[in-house]
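Just so it is clear, none of the values below were taken in a lab; they were calculated from the coordinates. Keep in mind the model is a prediction, meaning the values are calculated, not measured. All Cβ positions, even for glycine, are placed from backbone atoms using ideal geometry, and neighbour counts span all protein chains on display.
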Amino acid sequence: MVKLFQQNIRARNEDCVLSEEPYDWVAIGGTFDRLHKGHKTLLRRAFELGKKVLIGLTTQDMVKHKPDWEIIASYDNRISELEKWLEDECYSDRYIIRPLHNKFGPAITMPELQLIVVSEETCPVAKEINEIRREHKLPLLHIAVLTMVMAEDQISISSTRIRAGQIDRDGRLIYHEVTAH
């Protein structure tokens, strides 16, 4: 076992230790709207750490709680974009996608899961998942926390900012021409 404190990742669980060997099953979840550099960083890290990755994808009912939910891509569009990227990255035989009807998804019921990969923003949910797993006498998940990926302006890349037209999917600033009246 080795402590994991690398460039943009750190481990969080009871003993802050991650395995040197790849995990059999790693979990990751999100909305994955306007699949961007931050999403891709999280996904790549999940595949680096695990042999198989369970990807939870928020359903359309769940996105109704997000700002500007009306302009979030449909579940079908998000899953299509995600599957195309996964295939392009040659991960096609190493993942399953399951709908997330709540913020926990199958991570609270699947005993074979060993690790969850999250951003700093979603780390509290991973801790809640472990509390529920503890109550159900399931093994606790190791938690790999990645720092947020920054845009050119040093503010984190997010789908919300992309939808607002502030940045593109790679975090480049979008400049809007201002016209004087």
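The table below lists the values:
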| read-out | value |
| --- | --- |
| Degrees between helix 75-88 axis and first principal axis of the chain (Cα, 0 to 90, nearest 10) | 70 |
| Peptides 48-57, 76-85 ordered by average Cβ neighbours within 10 Å, highest first | 48-57, 76-85 |
| The chain: relative contact order in percent, alpha carbon pairs under 8 Å with at least 6 residues between | 26 |
| Long-range tail of P(r) for segment 39-181 (Cα pairs > 28 Å, %) | 24 |
| J(HN,Hα) series, segment 123-138, from Karplus relation 6.51 cos²θ - 1.76 cosθ + 1.60, nearest Hz, glycine and proline x | 4, x, 5, 4, 5, 5, 4, 5, 4, 5, 4, 4, 4, 8, 6, 9 |
| For segment 150-161, 3J(HN,Hα) per residue [Karplus equation, 6.51 cos²θ - 1.76 cosθ + 1.60, θ = phi - 60°, Hz, x = Gly/Pro] | 8, 7, 3, 8, 6, 9, 4, 6, 8, 4, 4, 5 |
| Helix-only mean residue ellipticity at 222 nm for the chain, each DSSP H run of n ≥ 4 adding -39500 (n - 2.57), per residue, nearest 500 | -8000 deg cm²/dmol |
| Partner aspartates and glutamates for residue 66 [C-alpha distance under 15 Å; skip if fewer than 8 residues away on the same chain] | 33, 121 |
| Signed unit charges on C-beta, dipole axis of the chain, positive-most listed residue 160, 143, 91 | 143 |
| Taking segment 101-145 and dividing mean pair separation by its residue count, relative contact order in percent (alpha carbons under 8 Å, at least six apart) | 49 |
| Rounded to 5, percent antiparallel among DSSP beta bridges of segment 5-163 | 25 |
| Lysines whose Cα lies under 18 Å from that of residue 84, excluding same-chain neighbours fewer than 8 positions away | 37, 40, 52 |
